[in-house]
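The values are calculated or read from the model by the stated rules, or taken from the named source; none is laboratory data. Keep in mind that this is a model prediction, so the values were computed, not measured. For neighbour counting, all protein chains shown are included, and Cβ atoms are generated from backbone atoms with ideal geometry for every residue, glycine included. Remember, those area values only see protein heavy atoms, side chains included, never the ligands or the DNA or RNA. Shrake-Rupley method; radii C 1.70, N 1.55, O 1.52, S 1.80 Å.
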Amino acid sequence: MFNEIRFNKIERLPKYVFAAVNELKMAARRAGEDVIDFSMGNPDGPAPQHIIDKLIEAAQKPKNHGYSASKGIYKLRLAICNWYERRYGVALDPETEAVATMGSKEGYVHLVQAITNPGDVAIVPDPTYPIHSYAFILAGGSVHKTELVFDEEFRVDEERFFQDLHKALNDAFPKPKYLVVNFPHNPSTAIVTPEFYKELVKIAKKERFYIISDIAYADLTYDGYKTPSVLAVDGAKDVAVESFTLSKSYNMAGWRVGFVVGNKKLVGALQKIKSWIDYGMFTPIQVAATVALNGPQDCVEEIRKKYEKRRDVLIESFGRAGWKMNKPHATMFVWARIPEEFRDMGSLEFSKKLLTQAKVAVSPGIGFGEGGEEYVRIALIENEKRIRQAAKNVKQFLREYRGEG
């Protein structure tokens, strides 16, 4: 109606690439077709029973039904800090260096809203989880992309990373204020060493930029790999914050519980903006999250083993079907290069073809940036039987395409 009233911020967002696959998927399901869905990183199991029980117990108490604390109740922030102390030997102040968030995505977006001035530049490796870039665009900033290079073991070429970082710091104007890192990486599953963060903190202090680290998949590691934390580096709290979520480790995706910890200036900015925007999570959810972090961690190991088994089944069965993939050492994804004969069509058209002809849904790599064009992301959210069925579908699809049967 009022064409002269424009929504400039929204117009800076591109069309969501994944929508095309989602529309085809929903149309197929409405037609009664059985689609095996690997397209979204949505855990398929319930939260552990002791966490559910604590939620129910806390929800029975009338006092827990009022407004909560926007930065999280004290016991949850203390549990967050104790988790870091046990895991990484990092001492954090629950009052000034920790804030509970409605999932790590909300925390990340609000942090960026709080710290970004119009025109500020952030360096974000490509490919990337989309919101890592677009949070800055929504906040009026801009993004300088660098290529994320890794080997067949999905180990980041750290020397190349720092070369590209120095180039970006020299080339970008105005000079970047922020660098986003996300290891283990979504979508590529790429991993780094503890030495990576030592060098990164040293560069950040010299070049005067903040590091925003996302370790959402810290617990989902395999083959002996352990996720390092930037905050474990001496002096890292001067230049870095880190976010985590309970979504994957505890199957609590729909509960929306995460946190941001580290640098007091950045954490304080997030606490302040949240005090204006929200009243925090429902208190019983925070109580249950406290139990998740403080309680027995056997459930986390069970969930990790489940994804590891699914990874192995998928790599093996899809390989026998004619689609060879490299094995990741972390996350709940497989970052699979498209079979050679399909690469010219690009990841979006390949994903559409795979869905319509093989009834297998995956995420096209182009949705994560130009660096993902020859890849698709496969989420390990279907059980082993369904994975094997998907492999059979893929085998038939490839045989028909290759004229083998």
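Details
- C-alpha center-to-center spacing [region 173-223, region 305-323] in angstrom: 28 Å
- Convex hull (Cα only) mean projected area of region 158-265, reported in nm² to one decimal: 7.8 nm²
- In sequence order, region 332-344 has phi-based couplings of 9, 10, 10, 9, 9, 6, 4, x, 3, 5, 9, 5, 5 Hz under the Karplus curve 6.51 cos²θ - 1.76 cosθ + 1.60, θ = phi - 60°, and Gly or Pro positions carry x.
- Once both labels are positioned 7 Å from their Cα atoms along Cα-to-Cβ, the gap between THR96 and ASN170 label points is 3.8 nm.
- Angle between the chain longest axis and helix 158-171 axis [Cα atoms, degrees, rounded to 10]: 70 degrees
- 0 to 90° range, to nearest 10: angle between helix 103-115 axis and the chain longest Cα axis: 60 degrees
- Among 122-133, 157-168, 287-298, the peptide with the highest mean count of other Cβ atoms within 10 Å heads the list, and the full ranking is 122-133, 287-298, 157-168.
- Each of GLY322, PHE368, VAL291 was placed along the dipole of region 280-405 (beta-carbon charges, centred on the mean Cα), and the one lying farthest toward the positive end is GLY322.
- Principal-axis analysis of the Cα atoms of the chain puts helix 264-277 at an angle of about 80° to the longest axis.
- Rolling a 1.4 Å probe over the protein heavy atoms of the chain, with every protein chain left in place, gives an accessible area that is 51 percent carbon and sulfur.
- In this calculation the C-beta distance from GLU85 to ARG30 is compared with R0 = 51 Å, giving a FRET efficiency of 0.50.
- The simple Förster model, with R0 at 25 Å and r as the Cβ-Cβ distance, assigns HIS50 and GLU308 a FRET efficiency of 0.65.
- Accessible area per residue in Å² at 1.4 Å probe, computed on the chain: 45 Å²
- Label zone at GLU153, where the point sits 7 Å out along the Cα-to-Cβ direction: region 191-206 residues whose backbone N lies under 16 Å: 191-196
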